[in-house]
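Single-structure report; data block below.
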Amino acid sequence: MKVSEHISLSEYSCHCCGKLPASWNQSCGPDVYGQFFLDFEEIRSEWGNPIIIDSGYRCPEHNKAVGGEALSVHMWGLALDCRPEDRKDLARFYQVILDTRPELRLGYYAKNGFVHLDCSYNIEPIVVKAWREGARWNG
């Protein structure tokens, strides 16, 4: 099963237990997550090459075990840590994401070789627009 054309359920589900977010609707697919996956697919189309998903949804135990933030967006299933197949393409990959979906929140982890992208602004209560726009950081 897939959550989108280029993301398998096994890539997206928690790597320690195979669980999905509590709000996931198995019978109807990614419901509230739909736009996030559409955004990813648009990035994938612009990139034109495979994108490796290192982390999608994380259960609270797994998030803690990997040193994730206490309120990590991964625990809501609205974040992906991903990378191009070739690490030397990471900066160009990051730029493609910026150009394609500038509203996404992005973390650029050059040392670790991945980009974090999320749409935490979709978590209720809705945060102010100023917090969402331009949210960028380096790890």
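Quick note: the coordinates plus some simple rules give every number you see, no bench work behind them. What you see is a predicted model; the values in this text were computed from it and never measured. Every residue, glycine among them, receives a Cβ derived from its backbone with ideal geometry; neighbour counts consider all protein chains shown.
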#### Entry: Environment charge at A65 (Cβ cut-off 15 Å; Lys +1, Arg +1, Asp -1, Glu -1)
-1
### Summary
Neighbours of W47 by Cβ distance under 15 Å: Lys/Arg at +1, Asp/Glu at -1, summed charge -3
### Message
Starting from the 7 Å offset along Cα-to-Cβ, what nm value, one decimal, do you get for the label separation of E69 and K2?
### Response
3.0 nm
## Note on the structure
What one gets for the stretch 1-89 as the Kirkwood radius, inverse of mean 1/r over different Cα pairs in Å, is 13.5 Å
### Task
Given the peptides 35-48, 73-86, arrange them by the average over their residues of other C-beta atoms within 10 Å, most packed first.
73-86, 35-48
